[in-house]
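Here's the structure we're looking at; comments come further down.
The values are calculated or read from the model by the stated rules, or taken from the named source; none is laboratory data. Because the structure is predicted, anything quoted here is derived from the model rather than measured. Note: ideal-geometry Cβ built from the backbone for every residue, glycine included; neighbour counts use all protein chains shown.
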Amino acid sequence: MSFLSELFGTEKPIIGLVHIQALPGDPFYKGKGMDVVIQRAKADLEALQNGGVDGVLFTNEFSMPYEKHVSSVTLAAMGMVIGALRSLIRVPFGAEAIFDGDATISLCAAVEADFTRCLFTGVWAGDFGMVDRDIAVTLRLKNAYRLDKLKLFYFVTSEGDACVGERKTADIAGSLLFNCRPDALVVGGAAAGSGPAGRLLEQVAEAAKGTPVVCGTGCRPDNIEYVLTRCNGAFVGSAFKVDGLFENPVDEERVRRFMEKVHMLRGGR
């Protein structure tokens with residue numbers, strides 16, 4: 001049994017994503033004020049919780065194109081959103097400042113998150129140029145903030161980006177286990193709503209040697225059985241939204257139907 005049972009009450013949790021709308025400073029921020037952003041996040045949070053998810057993760061998903069080093073205004077705005085909703089959160093929650101592990105750790109310290117996920121390690125090349133992470137600094141920052149209970153979910157893939165050096169994903173997972181001692185590994189696809197290709201989940205799970213492996217993208221009602229038989233749960237975003245579209249709000253009924261199937265697969269839990 002892993003930390004997942006203690007934190008989420010199940011060894012195969014479904015973690016719903018609260019995709020925070022574009023924030024001040026983001027290219028696609030509409031300038032209608034933070035209250036609009038907060039109300040959208042509140043509606044999504046309530047739909048996810050009422051639908052029965054095991055946890056929620058707040059991310060700056062609409063801060064596109066993503067920054068290599070997340071700006072202070074973005075972190076402040078994310079803290080404002082999560083702080084405004086803190087009293088409404090009824091499940092374990094996490095926070096992620098996309099692509100920036102150090103900013104993510106700082107955000108988690110400020111909002112007292114239970115867990116987080118991020119692209120904490122490696123050098124990646126893609127639409128945003130070279131993304132070069134420094135996990136040694138990140139883990140020292142976590143220790144300096146005394147975030148001893150914060151659980152870290154490490155991405156071993158990067159959406160749409162290629163690992164510099166062309167290392168195999170299973171090899172990345174293996175070296176992470178030795179060098180960083182991750183609480184869990186996350187395997188994603190090429191983009192939000194796109195699942196891991198081929199046998200990637202199985203390959204990473206085999207390399208993980210008992211460390212929990214979670215599907216990071218592309219988990220849907222038609223493949224949830226496949227996912228839960230091969231790894232330890234999933235982060236779910238687009239599949240919970242109206243018509244299953246990334247840009248839409250969360251649909252409570254879609255969440256409920258999804259979780260009913262999950263409960264059946266988990267034997268009622």
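How many residues does the range 114-130 contain that are modelled with pLDDT under 85 and either surrounded by fewer than 19 Cβ atoms within 10 Å (Cβ to Cβ) or within 10 Å of Asp102 (Cβ to Cβ) (or both)? Write out each step before concluding.
Going residue by residue through the range 114-130, those that are modelled with pLDDT under 85 are 124-130.
Subsequent filtering for residues that are either surrounded by fewer than 19 Cβ atoms within 10 Å (Cβ to Cβ) or within 10 Å of Asp102 (Cβ to Cβ) (or both) retains 125-130.
Number of matching residues: 6.
Go through Ala77, Ala109 for me and flag whichever is surrounded by 15 or more Cβ atoms within 10 Å (Cβ to Cβ), closer than 27 Å to Lys30 by Cα and in contact with a Leu (Cβ under 9 Å, 6 or more places away or on another chain). Give the steps one after another, and end with the answer.
Numbers: Ala109 fails: closer than 27 Å to Lys30 by Cα.
It is Ala77.
Please determine, by comparing only the residues of the range 84-100 that are more than 19 Å from Phe62 (Cβ to Cβ) and in a helix (DSSP H, G or I), which one is nearest to the chain's Cα centre (by Cα).
First pass over the range 84-100, keeping only residues more than 19 Å from Phe62 (Cβ to Cβ): 86-92.
Among the residues that remain, those that are also in a helix (DSSP H, G or I) are: 86-88.
Details: Arg86: 18, Ser87: 21, Leu88: 20 Å.
Selected residue: Arg86.
Filtering the range 47-77 down to residues that are out of contact with any helix residue (DSSP H, G or I) (no Cβ under 7 Å at 6 or more places or on another chain) and in a helix (DSSP H, G or I), which residue is nearest to Thr10 (Cα to Cα)?
Gln49
For the range 104-140, give me each residue that is touching a helix residue (DSSP H, G or I) at 6+ places or on another chain (Cβ under 6 Å) and of a type in the set (Gly, Ala, Ser). I'd like the intermediate steps shown before the answer.
At the first step, the residues of the range 104-140 found to be touching a helix residue (DSSP H, G or I) at 6+ places or on another chain (Cβ under 6 Å) are 105, 107, 110-111, 116, 118, 120-121, 133, 138.
Ala110 - this is the single residue of the range 104-140 that is touching a helix residue (DSSP H, G or I) at 6+ places or on another chain (Cβ under 6 Å) and of a type in the set (Gly, Ala, Ser).
Kindly establish whether Lys12 is of a type outside the set (Asp, Glu), over 22 Å from the mean Cα position of the chain (by Cα) and outside any strand (DSSP E or B). Let's see the steps before the verdict.
Details: of a type outside the set (Asp, Glu): yes; over 22 Å from the mean Cα position of the chain (by Cα): no; outside any strand (DSSP E or B): yes.
The answer is no for Lys12.
May I ask you to list the residues in the range 97-132 that are out of contact with any strand residue (DSSP E or B) (no Cβ under 7 Å at 6 or more places or on another chain) and among the acidic types (Asp, Glu)? Show your work before the answer.
As a first pass, look at the range 97-132 and keep what is out of contact with any strand residue (DSSP E or B) (no Cβ under 7 Å at 6 or more places or on another chain): 97, 100, 102-103, 105-106, 109-110, 112, 127-129.
Scanning the range 97-132 gives Asp100, Asp102, Glu112, Asp127.
Pairs please, first residue from the range 231-257 and in contact (Cβ under 8 Å) with a residue 40 or more places away in the chain and within 19 Å of Thr59 (Cα to Cα), second anywhere and of a type in the set (Val, Ile, Thr) and surrounded by fewer than 18 Cβ atoms within 10 Å (Cβ to Cβ), Cβ atoms under 7 Å, 6+ apart in sequence or on different chains.
From the range 231-257, the pairs are Pro249/Val242; Asp251/Val242.
Report whether or not Arg86 is surrounded by fewer than 21 Cβ atoms within 10 Å (Cβ to Cβ) and at pLDDT 95 or above.
Values: surrounded by fewer than 21 Cβ atoms within 10 Å (Cβ to Cβ): yes; at pLDDT 95 or above: yes.
Here the answer is yes, as Arg86 does meet what is asked.
Scan (1) over 19 Å from Val111 (Cβ atoms); (2) touching a Pro at 6+ places or on another chain (Cβ under 6 Å) for the single condition Gly33 breaks and write down its number.
Only one criterion is unmet by Gly33, namely (2).
So Pro182 passes all but one of these: (1) without any contact (Cβ under 8 Å) to a residue 12 or more places away in the chain; (2) touching a helix residue (DSSP H, G or I) at 6+ places or on another chain (Cβ under 6 Å). Which condition number does it fail?
Answer for Pro182: the failing condition is (1).
Which of the residues spanning the range 239-269 are touching a Leu at 6+ places or on another chain (Cβ under 9 Å), surrounded by fewer than 23 Cβ atoms within 10 Å (Cβ to Cβ) and over 20 Å from Ser2 (Cβ atoms)? Explain how you work it out, then say what you get.
The first filter runs over the range 239-269 and keeps only residues touching a Leu at 6+ places or on another chain (Cβ under 9 Å), leaving 240, 250, 252, 255, 262, 265-266.
Going one step further and asking which of them are surrounded by fewer than 23 Cβ atoms within 10 Å (Cβ to Cβ), we end up with 252, 265-266.
Passing the criteria: only Glu252.
Give the range 24-46 a look and list any residue that's hydrophobic (A, V, I, L, M, F, W, C) and closer than 20 Å to Val70 by Cβ, or say none.
Of all residues in the range 24-46, those hydrophobic (A, V, I, L, M, F, W, C) come to 28, 34, 36-38, 41, 43, 45.
Across the range 24-46, the qualifying residues are Phe28, Met34, Val37, Ile38, Ala41.
Sort out which residues of the range 15-46 are of a type in the set (Gly, Ala, Ser), in a helix (DSSP H, G or I) and out of contact with any strand residue (DSSP E or B) (no Cβ under 6 Å at 6 or more places or on another chain), and write them in order of number.
If we filter the range 15-46 for residues that are of a type in the set (Gly, Ala, Ser), which is where we start, we get 16, 22, 25, 31, 33, 41, 43.
When the remaining residues are screened for being in a helix (DSSP H, G or I), the result is 41, 43.
Selection gives Ala43 alone.
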